[in-house]
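What follows is calculated from the coordinates using simple rules that are stated; it is not laboratory data. For clarity, every value in this text was computed on a predicted model and none was experimentally measured. Cβ coordinates were reconstructed from backbone atoms using ideal geometry, including for glycine residues, and neighbour counts include every protein chain displayed.
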2 protein chains.
Amino acid sequence: MAAKAKVTFLPSGRTIEVASGTTLYKAAVEAGVELNSVCGGKGKCGKCRVQVHGNYELDHIHPLTREELETGSFLACATRVRGEVRVFIPDTSTAGKGQILTTCKAACRRPDPPLRKVALTVPPPTLNDNLADLERVLRALGPSLAGDPHLELGTLQELPAVLRKRNFHMTASYMRCGSSSRLVRVEPGDTTAVNFGLAIDIGTTTVVVQLLNLRTGAVVRTAAAYNRQISCGEDVISRIDYASEGGLATLRKLVVETINMLVSDVCVNVPAQEVTSACIAGNTTMIHLFLGLDPSNIKLEPYIPVANNPPPLTARAAGLRIHPEAPVIIVPGRSGYVGGDITADVVASGMHKRKELALLIDVGTNGEVVLGNDQWLVGCSCSAGPAFEGGEVRFGMRAAEGAIERATVSDKLWLNYCTIGGTVARGICGSGLIDLISGLFVEGALDKAGRFRDLHTDSIRPGTEGKEFVVAPGSETANGKAIVLTEADIRNVIRTKAALYAAAAVLVNSMGQKMEDVQKVHICGGFGNYLNMDKAISIGLLPDLPRKRFDFMGNGALAGAAQCLLSRRSAAEASQVAARMTYMELSVNAAFMSEFTSSLFLPHTDEKLFPSVHPLVRSG
Amino acid sequence: MAAKAKVTFLPSGRTIEVASGTTLYKAAVEAGVELNSVCGGKGKCGKCRVQVHGNYELDHIHPLTREELETGSFLACATRVRGEVRVFIPDTSTAGKGQILTTCKAACRRPDPPLRKVALTVPPPTLNDNLADLERVLRALGPSLAGDPHLELGTLQELPAVLRKRNFHMTASYMRCGSSSRLVRVEPGDTTAVNFGLAIDIGTTTVVVQLLNLRTGAVVRTAAAYNRQISCGEDVISRIDYASEGGLATLRKLVVETINMLVSDVCVNVPAQEVTSACIAGNTTMIHLFLGLDPSNIKLEPYIPVANNPPPLTARAAGLRIHPEAPVIIVPGRSGYVGGDITADVVASGMHKRKELALLIDVGTNGEVVLGNDQWLVGCSCSAGPAFEGGEVRFGMRAAEGAIERATVSDKLWLNYCTIGGTVARGICGSGLIDLISGLFVEGALDKAGRFRDLHTDSIRPGTEGKEFVVAPGSETANGKAIVLTEADIRNVIRTKAALYAAAAVLVNSMGQKMEDVQKVHICGGFGNYLNMDKAISIGLLPDLPRKRFDFMGNGALAGAAQCLLSRRSAAEASQVAARMTYMELSVNAAFMSEFTSSLFLPHTDEKLFPSVHPLVRSG
């Protein structure tokens, strides 16, 4: 057996003992210490830089250049523990205090939650009416239960004392699931005034937990955090790889821990034991990891999940620290890449109930698009790429403190920007990137292909990867180094926006519609909420439609999960939406490849598609 | 905290540490050491005699006489540990090697078990047929499942690997329960040739486990043992008392241990993991204790169980060491004193499907009687008392080695007897008692009231409790002391047989029938099998009907449980039988009290009811 060595992480001071030879990255994951990584510890993304003191060894093939190594910071994934070490994790290698989208249009005036509580006055038994306790309670519940309900042995064990504590007055909590029912909880007396549930959005990057009062429909409290799985890779594919390489249990533990931490955050005045239902929306991979289901086949053609509609389960089985018998509803998904989060978006948008044609775009770590109305729905997913969340962009970062989130480019290419938290700049987040590229394009500094024009200005300079635009000089940044936007960065952003637009265009065309027929565009996802609509249209990310047709929904997955928790009808609609949505696989779709290629320009090859943009652009 | 002291039990040598002040009886229960007790450690039955050496203390009120105490053996329930002690448990204080009834008419030529195994050839997924694994398997299973089935998360977690191990050939095990189904297990390839299940009879005294091949219907192996709960009291009432006084968890553990020991006995060539269903029949209290349900209210008027028809559960929840997801079917009961064992008896007898009027008598530790046909069923229970199982009879014992099980009384009151195992006599079991009393009555030594006539013979002598009959002189017994039958013993046997006969008579009368209308009498229960029919009729235990109408079923509860395991139709019939049986509560029934009083004679007050007996009796 390998010798053990102690690793101390700073500034948190957390320590862990690991086998000699373990990478610092793995040690950080095990210790639960936050450390950025896009690639999941494969030495590809360069995001896990740390400073190390003590007994360590660099891998022979270390992804950093000699020059970078001389600065004294190394990639944690290519540095191995040999003896006691102290590891300093700089701010730039953690997500920081993030802005996580928790706002959503939930609201439900007359809740009719799937988890029903009914106060019963059960007639006490006599020699002539000698039904057993359970059968007596079921008789009192009457036909509201579908057939004999399922119940856990533990609930049955509690029943006789519960019945007799308040002289056969009791409250039953139950839920119908499909053709049967489940008796969730029995309590003495009338507790119908208390019915709490959790709506949970498990995103690849962020997790949001919302405590709802299911009696009034009110939001009690909302809490959000980064998904602790981030340390195992930032996108869905690197998580699947991590799971396939023996990390499934770790990933499950990390997301359950994230949720449980948020549960204790929201359960301030409400004991977690009083939370007796939960509804979870997430993309298919996130749901797999949450349930400990092997996601490997989602990555491989033909992209098959273990389940799109996982069977009902309890909080106990799921590992959630609420009432152990609380039913946990998983919003059903449609495919490996159109998951329950999109179903929840659709339910929250209401597009599945309206006659008019609507488009729904969820811009998260992945991009998903749904088109349809009350008659039909068609959905697809595109690997939008992580550009809008800080990936594949040299100074890209998530919407956290120090991120440039707004920027205005003047006609002289002077720049006004503001950062999240008003601190010195640390990088550029998604909305900042769109503002910058839109501004540079409109002011003529970028051509249609996203290349810098030669404008003889100090702001555009040659860099290691072609030309680059200086967004913030070293004097304005946290570490004294200039923040720049490179042509490679712009190419990646254009690929991302092109994929999203092409996906929408393919859906519209394949259904024999035109983009201008779309009466409503619902924008969901953390990123969408901070978007400047005009600028997003000017780079061709969103279609050029009348602005009043756009609806920024905020966190649609959370809103949809909350609706399913509050309303039996919404929960039933979610099942119907997932069942009747036609899934279009774009990875093998020739029309998509063609649309994508046409979209790899600012705003598009076909300028007629963006009539409002052309007049704004200063000709080069 | 009380000091701890070590107790060593001999001859087993088992030791346990208990708090000073603990009774030896409690220490034996905790240590799992076999020790007789009818009353459950209350100092009433005098069956837990032991010899003690070391540091102990007798309770001030010790139930034994000074004379008995001087022999050096004390009651374990009234002797407390003060320091290290050694406790010798004589043979006479253990059940010994018993005869447990495991024979039953099971047999099922064409099994159609509730637990179905289906081999599936699932079409592998393609881009055009991209259903998820679970939905794909459910589609292949088709409409044989009722709606979306329940399945455990663990089963779902296994599914992707199972599907792909044999190229999408797999076997699904599932069971319908009510309006829904449960997917129990998924395996690669075709395993339909292997389908094993357990039929289990949990009796108050004995537990029988039978392993069945559900494909062929064959019995693979049967094993039986005394219910380890015996050390906590021998009858249902003393078990309920023990449970009510904080002993529920202990009782549950003891019966689950008993079953699991027998499971490993029957699973010799079949791995216990391959046993994927079980069906359990037991009286209502035994089922409560097995499931950890508080039985207290069964003892109190109006005698209400927690559940007569417990919800479906898994082996994992039940604590059975077979496949953890194996469904455990509990044969439903009718009331606190007519349990699932009686339902199983009825199913095994087939009386619920025949036009002719039939009577079913289950003589176990309790007595239950059912009357009916294919149109109606009426059932009741009577506290028959433990006389036939050795309780309330001075030299009574269970049908174990050394028990007098057959006896013939000659006209000179000379006695021929034989013991179980052919050993020296240790006591008298139920069938021996009936033979003796019948013989003494027929030969004129007993009057109708069960009192000894003054016959001036050496065999009848005065004793401490009235006259007594010497069954075996000290020279023929294990401990050198004579085995006798007292008038008090005979009174207790008469009370027991009177209760059973009166119960049957009340059912027959209340339905407007006459005893001679009964076309079939099914006798179930361990005791019934060893019964001499003519002698049982001569004392008035069984009605005086043509002998060919009697059917000795053996262990009907086991047979019924096996049928429910082998046949979906039988399982459905069991539910119907329990639901449509009318329960008659005898404890408040005036007609029963009157019938009981009339039956407290040999064979009955009304000799016309026993026409075949009178000619045989030598007039006194």
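Please report, to two decimal places, log10 I(q)/I(0) for region B:391-436 at q = 0.14, 0.29, 0.32 Å⁻¹ as given by the Debye formula with identical point scatterers on the Cα atoms and no solvent.
Rounded to two decimals, the profile gives -0.28, -1.00, -1.12.
Please work out the Cα center distance from region B:227-267 to region A:32-60, rounded to the nearest Å.
Each part's Cα centre sits 58 Å from the other's.
Magnitude of the Cβ-charge dipole of chain A, K/R +1 and D/E -1, about the Cα centre, nearest 20 debye?
Details: 64 positive and 61 negative charges, 230 e Å.
Here chain A has a charge dipole of around 1100 debye.
Taking the Kirkwood radius as the inverse of the mean 1/r across Cα pairs, report the Rg/Rh of region A:170-315.
Rg/Rh: 1.02.
Can you find, among B:A3, A:A5, A:A348, the residue farthest towards the positive end of the dipole of the protein assembly as shown? Put +1 on the C-beta of Lys and Arg, -1 on that of Asp and Glu.
The listed residue farthest towards the positive side: A:A348.
So how far, in whole Å, is the C-alpha centre of region A:377-407 from the one of region B:437-467?
So the separation of the two Cα centres works out to 101 Å.
Give the Debye-formula value of log10 I(q)/I(0) at each listed q (0.14, 0.15, 0.17 Å⁻¹), with one equal scatterer per alpha carbon of region B:494-620, two decimals each.
-0.73, -0.83, -1.02
Which semi-axis lengths, in whole Å and largest first, follow from the square roots of five times the eigenvalues of the Cα gyration tensor of region B:432-586? Walk me through the numbers before you get to the answer.
Details: eigenvalues 284, 76, 37 Å².
Working through the eigenvalues yields semi-axes of 38, 20, 14 Å.
So what are the three principal axis dimensions of region B:364-502 from its Cα atoms, in whole Å, longest to shortest?
Extents along the principal axes: 56, 33, 26 Å.
Treating the beta-carbon of each Lys and Arg as +1 and of each Asp and Glu as -1, no other charges, what is the dipole magnitude of region B:167-222 about its Cα centre, to the nearest 20 debye?
80 debye
Need one number for region A:8-47: average projected area of the convex hull over its C-alpha atoms, nm².
Computing the convex hull of the Cα atoms and averaging its projections yields 2.9 nm².
Where does chain B land on Rg(C-alpha)/(2.2 N^0.38 Å)?
1.05
Using only the alpha-carbon atoms, how far is helix A:340-349 inclined from the longest principal axis of chain A? Give it as 0 to 90 degrees, nearest 10.
Orientation of helix A:340-349: about 90 degrees from the principal axis.
How much of the calculated P(r) for region B:334-420 lies past 16 Å, in percent of all Cα pairs? Don't jump to the answer; show the numbers that get you there.
Values: 2400 of 3741 pairs.
The proportion of pairs with Cα distances above 16 Å equals 64 percent.
Per 5 Å bin, what percent of the C-alpha pairs of region B:1-97 does each bin hold, from zero upward?
Spelled out bin by bin, region B:1-97 gives 3, 15, 28, 28, 18, 7, 1, 0 percent.
Out of all DSSP beta bridges with both ends in chain A, state the antiparallel percent to the nearest 5. Each step should come with its number before you reach the end.
Numbers: 74 of 107 bridges.
Bridges in chain A are about 70 percent antiparallel.
Just how far, in whole angstrom, is region B:281-317 from region B:537-554 if you go by their alpha carbon centroids?
First find each Cα centre; the distance between them is then 32 Å.
Relative to the other copies, what are the label-point distances for A:L58, with labels 7 Å from Cα along the C-beta vector, expressed in nm at one decimal and sorted shortest first?
Going from nearest to farthest copy, the values are 8.8 nm.
Given the convex hull over the Cα atoms of region A:135-228, what projected area results after averaging over all orientations, in nm²?
Values: hull surface 32.4 nm².
Result: 8.1 nm².
Given all pairs of different Cα atoms, what value in angstroms does the Kirkwood hydrodynamic radius of region A:273-429 take?
18.3 Å
Hey, what's the Kirkwood Rh for the protein assembly as shown if you take every pair of different alpha carbons, in angstrom? Walk me through the numbers on the way to the answer.
Details: mean 1/r = 0.0283 Å⁻¹.
Computed over Cα pairs of the protein assembly as shown, the Kirkwood hydrodynamic radius comes out at 35.4 Å.
Copy-to-copy spacing for A:R354, label 7 Å out on the Cα-to-C-beta vector, in nm, shortest first?
When each copy's label point is compared with this one, the spacings are 7.2 nm.
Just name one of A:M511, A:I490, A:F550: the one whose Cα is farthest towards the positive end of the charge dipole of region A:473-620 (beta-carbon charges, Lys/Arg +1, Asp/Glu -1).
A:F550
Charges only on Cβ, +1 for Lys and Arg, -1 for Asp and Glu: so what's the dipole of the protein assembly as shown about the Cα centre, in debye to the nearest 20?
Computed about the Cα centre, the dipole is about 460 debye.
In cubic angstrom, how much convex hull volume per residue do the alpha carbon atoms of region B:431-517 span?
Values: hull volume 10.2 nm³, N = 87.
Roughly 117 Å³ of hull volume per residue.
Antiparallel as a % of all DSSP beta bridges within the protein assembly as shown, to the nearest 5?
Antiparallel: roughly 70 percent of the beta bridges in the protein assembly as shown.
Percent relative contact order of region A:120-260, based on C-alpha pairs within less than 8 angstrom and at least six residues apart?
Reported as a whole number, the value is 15 percent.
To one decimal place, what Kirkwood hydrodynamic radius in Å is obtained for region A:554-601 from all pairs of distinct Cα atoms?
13.4 Å
Any idea what Rg and Dmax come out to for region A:251-342 if you just take the C-alpha atoms, in Å?
13.8, 48
Among A:M170, B:G427, B:C177, flag the residue with its Cα farthest along the positive direction of the charge dipole of the protein assembly as shown, charges on Cβ as +1 for Lys/Arg and -1 for Asp/Glu.
Checked the options; the winner is B:C177.
Based on the Kirkwood radius over alpha-carbon pairs, what is the Stokes-Einstein translational diffusion coefficient of region A:292-358 at 37 °C with 0.692 mPa s viscosity, in µm²/s?
Working: Rh = 13.9 Å.
D = 236 µm²/s.
Determine, at each q value in 0.20, 0.26 (inverse angstroms), the log₁₀ of I(q)/I(0) that the Debye formula gives when each Cα of region B:517-580 is one equal point scatterer.
These q points yield log10 I(q)/I(0) values of -0.85, -1.05.
Counting pairs of alpha carbon atoms under 8 Å apart in space and at least six apart in sequence, what relative contact order in percent does chain B give? Show your work: numbers first, answer last.
Working: 1439 pairs, mean separation 81.0, N = 620.
Relative contact order for chain B comes out at 13 percent.
Mind checking the alpha-carbon convex hull of region B:231-294 and giving the volume per residue in Å³?
Per residue, the Cα convex hull of region B:231-294 comes to 91 Å³.
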